[in-house]
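Asks: Please read through the structure below; I'll follow up with questions.
The values are calculated or read from the model by the stated rules, or taken from the named source; none is laboratory data. Worth saying up front: this structure is predicted, and the values here are computed from it rather than measured. Cβ placement follows ideal geometry from the backbone for every residue including glycine, while neighbour counts extend to all protein chains displayed.
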Amino acid sequence: MINQIKKNITSWTEEELFQFRIILDSEFKARGVKFSVGEIGENTAVNYFNKTAGLPNLQKAPTGVKNVDALSRDGHRYSIKTVQNGKKTGTIYPDKDENLQLFEYLLIVQLDENYEMKEMHRFSWKQFVKQRAWDSRMNAWYIPVSSTRLSKAEKIYPNE
C-alpha cells in the first residue's frame, strides 16, 4: 500500500496533498500519536535499543518528565535529542541546583531526509558535561552536532 501511495502521490494536486495531510494529522491526533522530528527520533531510539542485543531495553518516560525521555530497566534515565537538518541538539534545561545530575545518558539521533536513522551517539552524563554548550537565548544547554563533539561519545549506530 505504501509503495502504491508513493507511486501515485507525485501526480496529486496541492489541494489533494493538503487534504491528505489533514486526514493524516486528524488520525494521528485521534490515536494520541505526536508527529514531530523529536518524537520520531525518540521512537527510533527506543525501538533500536529494544531490538539490539547488548543494549538495555528502554521504555518511554511519562509525559512531562523534565529532560528525561526514556528509562532503562536498571533505572538509568535517558534524554533523547533528535537532529535532522540542524547543527545542534534541542535544549536541556538546567536545574536550580547546578550540580544535580539530570540523566545518566544522552542519546543523539541523527535522521536523514526520509526520517531514517543515519547515526546514534550515546553520551554519559560526564561526557555531556564536558561537551555541552550554553544557549544564552534559551538559557539551556545543548550539544553542537559536529564530528569533533560526536567523536567524544559512544557510537551506537551504525554499529562498526
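Asks: Touching a strand residue (DSSP E or B) at 6+ places or on another chain (Cβ under 6 Å), in a loop (DSSP other than H, G, I, E, B) and farther than 20 Å from Ile40 by Cβ - does that describe any residue in the stretch 77-97?
Replies: yes
Asks: Let me ask something else about it. So if I check each of Leu71, Leu55, Leu17, Leu24, which one is assigned to a loop (DSSP other than H, G, I, E, B) and either assigned by TED's automatic domain parsing to the domain that holds Lys126 or on the phi < 0 side of the Ramachandran plot (or both)?
Replies: Numbers: Leu71 fails: assigned to a loop (DSSP other than H, G, I, E, B); Leu17 fails: assigned to a loop (DSSP other than H, G, I, E, B); Leu24 fails: assigned to a loop (DSSP other than H, G, I, E, B).
None of the other options fit; the residue is Leu55.
Asks: Could you tell me whether Tyr78 is within 19 Å of Ile156 (Cα to Cα), assigned by TED's automatic domain parsing to the domain that holds Ala45, modelled with pLDDT under 95 and surrounded by 11 or more Cβ atoms within 10 Å (Cβ to Cβ)?
Replies: Criteria not met by Tyr78.
Asks: Also, quick follow-up: Could you figure out which of (1) over 13 Å from the mean Cα position of the chain (by Cα); (2) on the phi > 0 side of the Ramachandran plot; (3) of a type outside the set (Lys, Arg); (4) buried (at least 16 other Cβ atoms within 10 Å of the Cβ) isn't true of Tyr157?
Replies: (2)
Asks: Only one of these conditions is not met by Gly38: (1) loosely packed, with under 13 Cβ neighbours inside 10 Å; (2) in contact (Cβ under 8 Å) with a residue 40 or more places away in the chain. Which number is it?
Replies: (1)
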